[in-house]
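In what follows, a single structure is set out as structure tokens and then discussed.
The values are calculated or read from the model by the stated rules, or taken from the named source; none is laboratory data. All values reported here derive from a predicted model rather than from experimental measurement. When we count neighbours, we look across all protein chains shown, and the Cβ atoms used for this are built from the backbone with ideal geometry, even at glycine. What goes into the accessible areas is simple: the full protein's heavy atoms, side chains included, and nothing from ligands, DNA or RNA. Shrake-Rupley method; radii C 1.70, N 1.55, O 1.52, S 1.80 Å.
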Amino acid sequence: MRLTRFTDYALRTLIYVGSHEPQQSSIAGIARAYGISETHLVKVVHQLGRLGLIRTTRGRGGGIRLGQAPSEITVGAVIRQTEEDLALVECFVGQACAITAPCRLRRVLGEALDAFLAVLDRYTLADLLADDAGAEIAMLLGLTVPTPRERAGGPSGGSSGQMASGSERLDQSRTSSRAGRR
């Protein structure tokens with residue numbers, strides 16, 4: 001079984017946004033971090049928003065945040081919601097072949113698909129980001145690593161000790177220069 005690029009990008013988007021919380025993410029930032037098409041990513045983000053997995057805010061100061069707690073986003077559910085077709089063989093979708101009636105392969109493959117999804121249902125986005133994985137992923141993607149206090153939604157209490165990426169420093173300087181003009 002092979003997942004579509006759409007599902008791959010959906011999972012990667014959730015990992016990126018989850019590892020960047022509580023800060024907002026952007027489509028441009030996600031596309032740049034993974035080296036993928038912004039055009040395709042717009043469709044993925046739109047679908048994730050429709051599913052309530054992320055929240056999107058338009059306009060100045062807008063961005064992307066998780067729409068649910070990472071512990072509520074199961075990998076299996078994301079795959080079911082983003083894959084157009086989980087039919088492993090044509091007979092799963094009503095197409096008949098010469099041996100459909102006595103064939104046991106359909107049942108075996110159905111059982112295998114159920115087992116595959118059952119394993120994925122046991123894992124959440126929180127599991128994928130647990131321990132130091134989220135911080136390591138953030139660093140590999142060039143993101144600022146939030147402090148535990150920031151992750152909990154509290155005031156930052158200073159620098160996280162990690163260097164912001166160039167685009168984030170640019171965004172931060174634009175924000176502070178706008179604030180100074182008010």
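Taking the Cβ-Cβ separation of Met1 and Ala126 as r and a Förster radius of 35 Å, what is the calculated FRET efficiency to the nearest 0.05?
0.90
Report the calculated FRET efficiency for Gln81 and Val108 (r = Cβ-Cβ distance, R0 = 22 Å), to the nearest 0.05.
Details: r = 26 Å, r/R0 = 1.16.
Between Gln81 and Val108 the formula returns 0.30.
Per residue, region 1-141 exposes 60 Å² of accessible surface when a 1.4 Å probe is rolled over the protein heavy atoms with every protein chain present. Computed with a 1.4 Å probe on the full set of protein chains, the accessible area for Thr39 sits at about 100 Å².
Of the trypsin sites (Lys or Arg not before Pro) in region 1-68, which ones lie in a loop per DSSP and count no more than 11 other C-beta atoms within 10 Å? Show your work: numbers first, answer last.
Values: sites: Arg2, Arg5, Arg12, Arg32, Lys43, Arg50, Arg55, Arg58, Arg60, Arg65; in loops: Arg2, Arg58, Arg60.
Sparse-neighbourhood loop trypsin sites (Lys or Arg not before Pro): Arg2, Arg58, Arg60.
Counting protein heavy atoms only, region 78-132 has 54 percent of its accessible area on carbon and sulfur, 1.4 angstrom probe. Here r is the Cβ-Cβ distance between Arg58 and Leu88 and R0 is 45 Å; the resulting FRET efficiency, rounded to 0.05, is 0.70.
Taking K and R as +1 and D and E as -1, what net charge do the other residues with C-beta under 10 Å from the C-beta of Thr74 add up to? Charge balance near Thr74 sits at -1.
Which whole-number percent gives the relative contact order of region 37-133, counting Cα pairs below 8 Å spaced six or more residues apart?
With pairs under 8 Å counted, the relative contact order is 30 percent.
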